[in-house]
Structures are given as C-alpha cells and as structure tokens.
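Quick notes on the structure that follows.
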Amino acid sequence: MTKVILVRHGQTQWNLEMKYQGHCDVALTEEGIQQANYAANSLAEESISAVYASDLCRAFTTAKCIAKKHQLQVETIPELREINFGKWEGLTYAAINDQWSDLMTKLLTHPDEIEIPEGETFRAVKERSTAALTKLVEKHPDQTIVVVSHGGTIRTILCAVLNIHLNYLWNIKQDNTAINILEYYDNQVLVSLVNSTHHLNIS
C-alpha cells in the first residue's frame, strides 16, 4: 500500500483578503508558517519517504516545514499548482463579480463548465494534477509520501479518486494546512481522511 498525505498550504495574506491567488506567488503569513509547523509536528511520527510540493512558495514553504522533521528535501512539481485564475488573479470576489457576474455565478454552481478569462479550466487542473500524482504513486510503491498543493487542486484530485463530478468540487472543504490521506492498493484507492485540521487545535 502506498500512502499519500495530501496537504494544503498554510495561510497567505491573500487568503485573509479573500483574493484569488491562483498562479500568483504569494508568501505565507506568520500564522501560515505556524500552521505549517503544527502540521509538521502532527506528521513527525510518520515514516515519510519523500516530500513533494507545487513550485509556488506558499506550498513549497509549507512542505519545507514538514520535510525538515524527516531530514528530507522538497521536490517541486509545477503540475501541482493551483488553478490559473487568469484575469482574476489578485482580485476579490466582489471585484470579479462586478465585472464577470455571470461567470462568477457559474464558478460557484457549475465550476466544471467555466472558462476563466485568460485562465485555466478545472478539467485541465484535474488532468495535470492527477497525472502527476499517479507518477508519484508508481515511483513510491509501499511507501508514504507527502504532497503539498492548493485548495482547488486538492479538490479536483479528491473528485477524481472518489469519482465525483467536478461541479461538486466546492462541496469538499479544504482549510489551510488541511491533511487528507489517500491509500493506494493495486487498482484501488481509498480516501481515509479529508480536511483534518486537528493539529491547529492547540491550546
């Protein structure tokens, strides 16, 4: 069995400002770094063979915190990036809704059918991210690996493995540094954990 621990990155300033960050390279806040360290502590006892991340710094920094506990280096994989929001990058929901209200409605209700101006589709994200994940699983038989990515990307991966239509991707919650676990057995994959943030509940 190959175990994939799929982690969303920590908090960024644009998360706080409710801005769509996509491919923009936005750093973690101090709180985001603390969240990443809490996630790292919660995974410290896992026997982790490798740590991978999107090449965007918010994911890479989160992954470094986790990798440090296991004396590992982080390998970046661009295919694990968040969806490219095109012209919406750096804008808030309100700003996008003012100019593209019909598209914003479709994003929230039928994300599989939307084409973001100068951006990417969720189908494309699903294809690139699941293909990258498949290669990693094949590379690490009977091992445990960590993969740090982004909320939208992780949702598309979970939709793929659970055979859920992409129009329901927003039904899957993904908080900052949420931990998800996928277990691969031959031709079957089981989802054994989704959106766990118990590591943040520290007194």
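The values are calculated or read from the model by the stated rules, or taken from the named source; none is laboratory data. Since the structure is predicted, the reported quantities are computational estimates derived from the model, not experimental observations. Glycine gets a Cβ as well: all are built from the backbone with ideal geometry, and neighbour counts include every protein chain shown.
Looking at this structure, is Lys87 buried (at least 16 other Cβ atoms within 10 Å of the Cβ), among the basic types (Lys, Arg) and touching a residue at least 12 places away in the same chain (Cβ under 8 Å)? Taking the combined requirement at face value, the residue does not satisfy it. Looking only at region 65-88, residues that are part of a helix (DSSP H, G or I) and within 13 Å of the chain's Cα centre (by Cα) come to 3 in all. Here Ile172 fulfils each of the conditions (1) closer than 16 Å to Leu80 by Cα; (2) in contact with a helix residue (DSSP H, G or I) (Cβ under 6 Å, 6 or more places away or on another chain) apart from (1).
A count restricted to region 180-203 and to residues that are touching a strand residue (DSSP E or B) at 6+ places or on another chain (Cβ under 8 Å) and either β-branched (Val, Ile, Thr) or modelled with pLDDT under 95 (or both) stands at 5. Assess whether Thr177 counts as being at pLDDT 95 or above, more than 14 Å from Val125 (Cβ to Cβ) and crowded, with 18+ Cβ neighbours inside 10 Å. Yes.
For region 21-70, give me each residue that is over 16 Å from Leu6 (Cβ atoms) and basic (Lys, Arg). Listed by number, the residues that qualify are Lys64, Lys68, Lys69. For region 24-39, the condition of being of a type in the set (Ser, Thr, Tyr), in contact (Cβ under 8 Å) with a residue 12 or more places away in the chain and crowded, with 20+ Cβ neighbours inside 10 Å holds for none of the residues.
Rundown of residues vs (1) of a type in the set (Val, Ile, Thr); (2) closer than 22 Å to His199 by Cβ; (3) in contact with a Ser or Thr (Cβ under 6 Å, 6 or more places away or on another chain), yes/no style:
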| residue | (1), (2), (3) |
| --- | --- |
| Glu30 | no, yes, no |
| Ala44 | no, yes, no |
| Arg58 | no, yes, yes |
| Ile96 | yes, no, no |
| Ile116 | yes, no, no |
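Just for region 40-54: of the residues that are in a loop (DSSP other than H, G, I, E, B) and in contact with a strand residue (DSSP E or B) (Cβ under 8 Å, 6 or more places away or on another chain), which one is surrounded by the most Cβ atoms within 10 Å (Cβ to Cβ)?
Per the stated criteria, the residue is Ser54.
Answer yes or no: is there a residue in region 132-146 that is of a type in the set (A, V, I, L, M, F, W, C) and exposed (fewer than 15 other Cβ atoms within 10 Å of the Cβ). No: region 132-146 contains no residue that is of a type in the set (A, V, I, L, M, F, W, C) and exposed (fewer than 15 other Cβ atoms within 10 Å of the Cβ). From the list Thr29, Thr109, Thr105, which residue is polar (S, T, N, Q) and in contact with a strand residue (DSSP E or B) (Cβ under 8 Å, 6 or more places away or on another chain)? Answer to the check: Thr29. Every condition in (1) at pLDDT 95 or above; (2) more than 17 Å from Trp14 (Cβ to Cβ) is met by Asn84 except one, and the failing one is (2). Take region 1-18 and flag every residue that is in a helix (DSSP H, G or I) and touching a Leu at 6+ places or on another chain (Cβ under 8 Å). Passing the criteria: none in range.
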